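Data block below; observations after.
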Amino acid sequence: MNYSKCRVCKEPAIIDLPRHNANFCGEHFIQLCRRQVEKAIKDHRMLDPKDRILVAVSGGKDSLAVWDLLIELGYQADGLYIGLGIGDYSPTSEGYAQRFADQRGLKLITVDLRQDFGYDIPTASRATGRVPCSACGLSKRHLFDSVAMENGYEVVVTGHNLDDEAAVLFGNTLRWDIDYLARQLPVLPATPGFPKKVKPLVRLTERETAAWCVVRGIDYLLDECPMALGNRHLAHKNTLNEVERQSPGAKALFYLNFVEKMAPLLASHGQEMVDGLGTCDSCGRPTTGTTCAFCRVVATSSAHEPVPVELVLSKKARAAYLSDRQET
Ligand code: AMP
Ligand code: FES
Ligand code: ZN
Ligand code: ZN
């Protein structure tokens with residue numbers, strides 16, 4: 001790659017960043033990422049040095065990058081990996097998370113849906129009639145909260161980046177889904193029974209988090225989840241990438257200006273949604289009904305025969321998954 005010179009030191013650059021209208025060498029790219037994350041943490045009052053932090057790690061670039069960044073910035077952060085039982089993808093992704101933790105002497109808590117709760121995501125999808133990503137999102141959100149609360153962590157960090165947040169915002173805006181828009185913030189404060197939830201990578205794109213990992217020598221799982229192939233979220237990312245190609249910086253403005261200018265107008269709406277929670281009669285966590293959605297998924301899915309991942313993939317996703325397996 002020949003990207004001419006670093007904006008800061010004039011040494012050969014390793015990456016071009018059109019939205020900053022500049023190129024950077026490895027050292028100054030790392031400095032830029034660190035500053036963007038520090039700015040996100042400061043602007044949104046995400047973290048305090050005293051916080052006990054739990055980083056949700058999937059073994060992909062974003063969550064390993066955010067864990068690495070937080071440790072580098074001096075925070076105390078342990079990891080949480082959730083085994084979702086998605087074919088070969090889950091054990092492979094766990095390997096990346098575990099190796100990262102072992103190499104740095106960090107603590108990684110692991111929860112396995114099949115071993116600990118008697119189901120996996122493909123089975124939950126079939127048993128409950130939910131699309132896989134919905135069963136998966138619901139299971140992960142419940143476990144992030146419950147593991148954090150049971151183990152005394154004040155904050156849960158996820159690796160959502162600018163591309164993720166802009167794509168979700170785009171989808172919610174296309175539908176004017178006010179309930180979701182009201183909650184789409186880089187920080188959700190702690191409420192009774194729930195930890196604070198923060199996204200320190202909202203100012204970095206996925207190209208930047210991938211480059212962070214390469215420069216820092218972090219080995220991460222390149223594959224996307226086979227169940228996510230062809231979903232709307234990926235289509236929105238592609239659409240926004242096309243907009244970004246034509247107007248560098250548009251993606252960041254779309255998301256960051258939403259957070260600054262629009263989200264405050266929706267704040268009272270978000271408040272209404274957390275009022276009036278009861279207690280789940282099965283797990284004791286807060287819920288709007290008598291049994292929480294997670295415990296209902298556990299009950300239905302653990303009673304169902306295990307369903308292999310191939311059976312719940314769309315035609316296109318199945319073809320891609322099977323051809324990947326043949327290649328490896
Ligand atoms: P995703 O929902 O796959 O886009 O992932 C969003 C964020 O959720 C990631 O950046 C991680 O912080 C977290 N995450 C995803 N999968 C897992 C997993 N299996 N275990 C723990 N955290 C996860
Ligand atoms: Fe959740 Fe793929 S990681 S469905
Ligand atoms: Zn430089
Ligand atoms: Zn429950």
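The values are calculated or read from the model by the stated rules, or taken from the named source; none is laboratory data. What you see is a predicted model; the values in this text were computed from it and never measured. Reconstructed Cβ throughout: ideal geometry from the backbone, glycine too, with neighbour counts over all protein chains shown.
Please find, within region 279-328, the residue that is farthest from residue 228 (Cα to Cα) out of those that are loosely packed, with under 12 Cβ neighbours inside 10 Å and among the hydrophobic types (A, V, I, L, M, F, W, C).
Among them, the one singled out is 303.
For region 38-61, indicate whether the set of residues that are closer than 30 Å to residue 264 by Cβ, more than 16 Å from ligand 3 (Cβ to nearest atom) and among the hydroxyl-bearing types (Ser, Thr, Tyr) is non-empty.
no
Results for (1) surrounded by 16 or more Cβ atoms within 10 Å (Cβ to Cβ); (2) acidic (Asp, Glu); (3) closer than 21 Å to residue 66 by Cα, shown as yes or no for each residue.
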| site | (1), (2), (3) |
| --- | --- |
| 138 | yes, no, no |
| 161 | yes, no, yes |
| 179 | no, yes, no |
| 225 | yes, no, yes |
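Quick check on my filter: what residues within region 73-124 are assigned to a loop (DSSP other than H, G, I, E, B) and within 12 Å of ligand 2 (Cβ to nearest atom)?
84, 85, 86, 87, 120
Among 114, 183, which is the only one that is under 25 Å from residue 205 (Cβ atoms), more than 16 Å from ligand 4 (Cβ to nearest atom) and basic (Lys, Arg)? Full working, then the answer.
Working: 114 fails: under 25 Å from residue 205 (Cβ atoms).
One residue alone meets the criteria, 183.
Collect the residues in region 21-61 that are surrounded by 22 or more Cβ atoms within 10 Å (Cβ to Cβ), assigned to a strand (DSSP E or B) and under 22 Å from the mean Cα position of the chain (by Cα), keeping them in residue-number order.
Hits for region 21-61 are 53, 54, 55, 56.
State yes or no: is residue 80 closer than 24 Å to residue 196 by Cα, touching a strand residue (DSSP E or B) at 6+ places or on another chain (Cβ under 6 Å), surrounded by 22 or more Cβ atoms within 10 Å (Cβ to Cβ) and not small (Gly, Ala, Ser)?
Values: closer than 24 Å to residue 196 by Cα: yes; touching a strand residue (DSSP E or B) at 6+ places or on another chain (Cβ under 6 Å): yes; surrounded by 22 or more Cβ atoms within 10 Å (Cβ to Cβ): yes; not small (Gly, Ala, Ser): yes.
When the stated conditions are applied, residue 80 passes them.
Assuming residue 71 fulfils every condition listed in (1) over 28 Å from residue 245 (Cα atoms); (2) in contact (Cβ under 8 Å) with a residue 60 or more places away in the chain apart from one, which condition is it?
(2)
Just for helices (runs of 4 or more DSSP H) wholly inside region 201-303: which have at least 3 residues that are within 17 Å of the chain's Cα centre (by Cα)?
206-216, 232-246
Examine region 115-127 for a residue that is under 20 Å from the mean Cα position of the chain (by Cα), of a type in the set (Val, Ile, Thr) and at pLDDT below 95, and state whether such a residue exists.
No, region 115-127 contains no residue that is under 20 Å from the mean Cα position of the chain (by Cα), of a type in the set (Val, Ile, Thr) and at pLDDT below 95.
Is it the case that some residue within region 185-207 is surrounded by fewer than 14 Cβ atoms within 10 Å (Cβ to Cβ), more than 20 Å from residue 43 (Cβ to Cβ) and charged (D, E, K, R)?
No: zero hits.
Determine whether region 150-157 contains at least one residue that is without any contact (Cβ under 8 Å) to a residue 60 or more places away in the chain, more than 14 Å from the chain's Cα centre (by Cα) and either within 16 Å of ligand 4 (Cβ to nearest atom) or buried (at least 21 other Cβ atoms within 10 Å of the Cβ) (or both).
Here is the first cut: in region 150-157, the residues without any contact (Cβ under 8 Å) to a residue 60 or more places away in the chain are 150.
If we keep only those that are more than 14 Å from the chain's Cα centre (by Cα) too, we end up with 150.
Among the residues that remain, those that are also either within 16 Å of ligand 4 (Cβ to nearest atom) or buried (at least 21 other Cβ atoms within 10 Å of the Cβ) (or both) are: 150.
Checked against the condition, which is being without any contact (Cβ under 8 Å) to a residue 60 or more places away in the chain, more than 14 Å from the chain's Cα centre (by Cα) and either within 16 Å of ligand 4 (Cβ to nearest atom) or buried (at least 21 other Cβ atoms within 10 Å of the Cβ) (or both), region 150-157 yields at least one hit.
State which residue is farthest from residue 204 (Cα to Cα) when the search covers only region 131-176 and only residues that are among the charged types (D, E, K, R) and touching a helix residue (DSSP H, G or I) at 6+ places or on another chain (Cβ under 7 Å).
165
Check region 12-19 and report whether any residue there is at pLDDT 95 or above, surrounded by 14 or more Cβ atoms within 10 Å (Cβ to Cβ), small (Gly, Ala, Ser) and over 19 Å from the mean Cα position of the chain (by Cα).
Looking for residues that are at pLDDT 95 or above, surrounded by 14 or more Cβ atoms within 10 Å (Cβ to Cβ), small (Gly, Ala, Ser) and over 19 Å from the mean Cα position of the chain (by Cα), one finds at least one in region 12-19, hence yes.
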